[in-house]
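Since every read-out is calculated from the coordinates, none of them should be taken as a lab result. As the structure is a computational prediction, the values presented were derived from the model and not from experiment. Methodologically, a virtual Cβ is constructed for each residue, glycine included, from the backbone with ideal geometry; neighbour enumeration extends over all protein chains shown.
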Amino acid sequence: MTPLSAPTLHGPRVGLRPVEVDDHAVLAAILAEPEVARWWVHGPLEDAVAELFEVDESSAILAIEVDGEGAGMLQFSEETEPDYRHAGIDLFVGARWQGQGIGPEAIRLIAGYLFDARGHHRITIDPAAANARAIRAYEKVGFRRVGVMRRYERGADGTWHDGLLMDLLRGELMGA
Ligand SMILES: CC(C)(COP(=O)(O)OP(=O)(O)OC[C@H]1O[C@@H](n2cnc3c(N)ncnc32)[C@H](O)[C@@H]1OP(=O)(O)O)[C@@H](O)C(=O)NCCC(=O)NCCS
């Protein structure tokens, strides 16, 4: 399998493309929104923004665009150990685009790519167990609840929060 790289993909409303330095201000502004920061920012905001632009060969970062405007970010990574091979994804959408199916469309695009172009049979995502909006959005696409990972991640308040492991197998993608 070729090394991981960020593709450019287009759906009816959503575009995905490799993130660029010029996206910095838009993504920083979205990450600063309380509706996004609550689930994404665990320490200083600058650190969360900087992580999106770090060169990391194990993950790809994509800008989510709606009508050519920056609406969010989607990242994916791959487990390359052959016997455990799968992809993991994560994303955020700015507050003014939430609740319009933008997140699910972006996930369908990347899931189609990961199944078809990258040959994966399984994709995982791990929202906070309390993130009901995200869990609802992922279930609409076909993700299923695997189980609660207790005290999985440390929140901005410094305490450990439960995460929900969800997975999607090839053939289960809904609404594609
Ligand atoms: C999570 C996220 C990616 C989902 O994308 P989206 O484009 O907003 O998703 P949707 O348009 O499907 O809207 C969310 C769905 O959850 C529902 N929802 C909203 N709040 C909810 C709640 N508290 N409980 C249950 N469902 C809820 C909405 O009604 C909608 O479902 P519907 O279409 O059946 O009405 C996006 O909201 C987001 O980026 N949120 C902030 C950051 C974040 O949480 N990232 C995920 C980290 S794992």
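Name every residue in the stretch 10-21 that is outside any loop (DSSP other than H, G, I, E, B) and more than 15 Å from the chain's Cα centre (by Cα), in order of residue number.
Taking the stretch 10-21 as the starting set, the residues that turn out to be outside any loop (DSSP other than H, G, I, E, B) are 10, 14-18, 21.
Hits for the stretch 10-21 are His10, Val21.
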(request) State whether one or more residues within the stretch 83-93 are closer than 29 Å to Arg154 by Cβ, touching an Asp or Glu at 6+ places or on another chain (Cβ under 6 Å) and within 16 Å of the ligand (Cβ to nearest atom). (result) yes
(request) Return the total of residues in the stretch 94-117 being out of contact with any His (no Cβ under 8 Å at 6 or more places or on another chain) and more than 10 Å from the ligand (Cβ to nearest atom). (result) 8
(request) From the list Tyr138, Tyr152, pick out the single residue that is under 14 Å from Gly88 (Cβ atoms), among the hydroxyl-bearing types (Ser, Thr, Tyr), within 13 Å of the ligand (Cβ to nearest atom) and more than 16 Å from the chain's Cα centre (by Cα). (result) Tyr152
(request) Determine, yes or no, whether Gly11 is at positive phi and either surrounded by fewer than 13 Cβ atoms within 10 Å (Cβ to Cβ) or in contact with a helix residue (DSSP H, G or I) (Cβ under 8 Å, 6 or more places away or on another chain) (or both). (result) no
(request) Please state which of the following conditions Gly175 fails to meet, knowing it meets all the rest: (1) within 14 Å of the ligand (Cβ to nearest atom); (2) outside any loop (DSSP other than H, G, I, E, B); (3) loosely packed, with under 13 Cβ neighbours inside 10 Å. (result) (2)
(message) If I go through the stretch 19-47 residue by residue, how many of them are in contact with a Leu (Cβ under 9 Å, 6 or more places away or on another chain) and either farther than 20 Å from Ala60 by Cβ or among the acidic types (Asp, Glu) (or both)?
(response) 5
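What tally of residues in the stretch 38-64 results from selecting those that are among the small types (Gly, Ala, Ser) and closer than 18 Å to Ala106 by Cα? First the steps, then the outcome.
Initially, the stretch 38-64 is screened for residues among the small types (Gly, Ala, Ser), giving 43, 48, 50, 58-60, 63.
From what's left, closer than 18 Å to Ala106 by Cα: 59-60, 63.
Residues in the stretch 38-64 being among the small types (Gly, Ala, Ser) and closer than 18 Å to Ala106 by Cα: 3 in total.
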(message) So if I check each of Ala95, Ala132, Ala111, which one is under 16 Å from the mean Cα position of the chain (by Cα), closer than 19 Å to Leu9 by Cα and hydrophobic (A, V, I, L, M, F, W, C)?
(response) Ala111
